[in-house]
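Here the structure is laid out as structure tokens; the discussion comes afterwards.
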């Protein structure tokens, strides 16, 4: 039997609608749970609910047509010390090391995909060095990416081999000592006469990582530009100077076929959002593709001023250090409420990805991390311990990462009841919900695309995901929110 084109189109349309409907109607939900008492840690749910017909108001409502920020990735910093701890584990127990990488960086593990890497020494290096220590070399003819320890690059290469979708974000803790007013990496400021040549140093860092087959996603001008600490690599750079450097660096990157490399500004605490980030971006609106925040001063709500002024510039959360000896569940709740689900954040990051036992700075004479900075993982030559930072972050990274790890989703509208922190994401036709339940076990209804499901959320973190209709052809309401 022959059908006209009009009838053929009609039957195809009906089939698509039926398939669309079946995606949600009766769709079984999968998920993982981490309980507040740690009896379950990223454990697969066993009582999987399904979306079925339902009526009335639900406890948790998801609206996939209201779309917020594009997610860029969650992760931590691979400092020299973190890379060394991982390198030592690899040499001592290759099987444990490989399992560690797969657990952390694959989509069926923690789905981490964003790494922050120092350019030169940081407070978690064992010595002071830059990538060009030849005084007066403003042409940077002696620039050498291999001044950094070889185990840094081999560790990054191992991670990249496990997950080629990992993004690398590089930044200096200090310019070379000879470019600074005190002629030391520790503390001080960039000399005014070095503002013009300094962008070339940063360009060469991007090119150096690329030469190591480690493409750079983003670069920042300076870590904590308002911090001058005489005991470890640090440097103050004011907002106007950072804007000047960023404009020059943007031009250099573009001229060298590195147009995809983003420049992320600020990299310091919440409390100076208005006084630093706003004038900085005002001075160089075409240079910055994001601003980054740390958690050590002020309140996350203070970033609302930047979001209001620049609603289309992403905000990154790039550093926060865990403290040794703190309470596990208290930490998880704080991270969720201030880092993973707040600040309109496109990234969620902790300070050190892997630390040794005590989390102390190995830099000689450093007063950094006096109480010990706990890594997302604690790594020795015979063991790997995953800490609260790792488990809490994994719930969100798993939610917005596609099954094959190649695609990251966008945050969408979700609302919930008391004692619940509720966040939802859309990644293609994968939809997900992350719920922090700070109270006791609670049975809640969930509404999505006209259907409902019911799930009992334990005290802790729960991530649920399912397949729904892809709304990419629908009208999206783009909205910013803190």
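The values are calculated or read from the model by the stated rules, or taken from the named source; none is laboratory data. Computed from a predicted structure; not experimentally measured. Counting neighbours? That spans all protein chains shown, and the Cβs are built from the backbone with ideal geometry, glycine included.
Within region 408-438, work out how many residues are crowded, with 17+ Cβ neighbours inside 10 Å and without any contact (Cβ under 8 Å) to a residue 24 or more places away in the chain.
Final tally of qualifying residues: 0.
What's the number of the condition residue 382 fails, among (1) crowded, with 19+ Cβ neighbours inside 10 Å; (2) at negative phi?
With (1) crowded, with 19+ Cβ neighbours inside 10 Å; (2) at negative phi applied to residue 382, the lone miss is (1).
How many residues does region 339-372 contain that are in contact (Cβ under 8 Å) with a residue 60 or more places away in the chain and not in a loop (DSSP other than H, G, I, E, B)?
Qualifying residue count, region 339-372: 11.
Within region 108-128, track down each residue that is surrounded by fewer than 19 Cβ atoms within 10 Å (Cβ to Cβ) and within 28 Å of residue 347 (Cβ to Cβ).
Within region 108-128, 108, 126 meet the criteria.
Conditions: (1) part of a loop (DSSP other than H, G, I, E, B); (2) under 15 Å from residue 120 (Cα atoms). Residue 182 meets all but one. Number of the miss?
Checking residue 182 against (1) part of a loop (DSSP other than H, G, I, E, B); (2) under 15 Å from residue 120 (Cα atoms), the one that fails is (2).
In region 212-251, which residues are farther than 21 Å from residue 133 by Cβ, touching a helix residue (DSSP H, G or I) at 6+ places or on another chain (Cβ under 9 Å) and in a loop (DSSP other than H, G, I, E, B)?
Residues satisfying the conditions are 213, 214, 215, 216, 225, 226, 238.
Among the residues of region 300-312, which ones are assigned to a loop (DSSP other than H, G, I, E, B) and surrounded by 13 or more Cβ atoms within 10 Å (Cβ to Cβ)?
Within region 300-312, just 310 meets the criteria.
Kindly establish whether residue 375 is crowded, with 23+ Cβ neighbours inside 10 Å and either free of Cβ contacts under 8 Å to residues at least 12 places away in the same chain or in the same structural domain as residue 125 (by TED's automatic domain parsing) (or both).
Against the criterion (crowded, with 23+ Cβ neighbours inside 10 Å and either free of Cβ contacts under 8 Å to residues at least 12 places away in the same chain or in the same structural domain as residue 125 (by TED's automatic domain parsing) (or both)), residue 375 qualifies.
From the list 78, 45, 32, which residue is within 29 Å of residue 316 (Cα to Cα) and not assigned by TED's automatic domain parsing to the domain that holds residue 160?
Answer to the selection: 32.
Kindly establish whether residue 325 is assigned to a loop (DSSP other than H, G, I, E, B), over 20 Å from the mean Cα position of the chain (by Cα) and more than 17 Å from residue 242 (Cα to Cα).
yes
Looking only at strands (runs of 3 or more DSSP E) that fall completely inside region 374-455, which ones have 3 or more residues that are touching a helix residue (DSSP H, G or I) at 6+ places or on another chain (Cβ under 8 Å)?
420-427, 430-437
Quick one: is residue 98 within 25 Å of the chain's Cα centre (by Cα), assigned by TED's automatic domain parsing to the domain that holds residue 176 and farther than 23 Å from residue 147 by Cα?
yes
Does region 283-320 hold any residues that are within 22 Å of residue 251 (Cβ to Cβ) and in contact with a helix residue (DSSP H, G or I) (Cβ under 8 Å, 6 or more places away or on another chain), and which are they?
Scanning region 283-320 gives 283, 284, 286, 287, 288, 291, 310, 313.
Being modelled with pLDDT of 95 or more and under 18 Å from the mean Cα position of the chain (by Cα): is that true of residue 365 here?
The answer is no for residue 365.
Could you please give the count of residues in region 173-204 that are crowded, with 19+ Cβ neighbours inside 10 Å and on the phi > 0 side of the Ramachandran plot?
Result for region 173-204: 2.
Name the residue, out of 110, 85, that is assigned by TED's automatic domain parsing to the domain that holds residue 204, in a loop (DSSP other than H, G, I, E, B) and touching a residue at least 40 places away in the same chain (Cβ under 8 Å).
Step by step, each of 110, 85 is checked, and only 110 is assigned by TED's automatic domain parsing to the domain that holds residue 204, in a loop (DSSP other than H, G, I, E, B) and touching a residue at least 40 places away in the same chain (Cβ under 8 Å).
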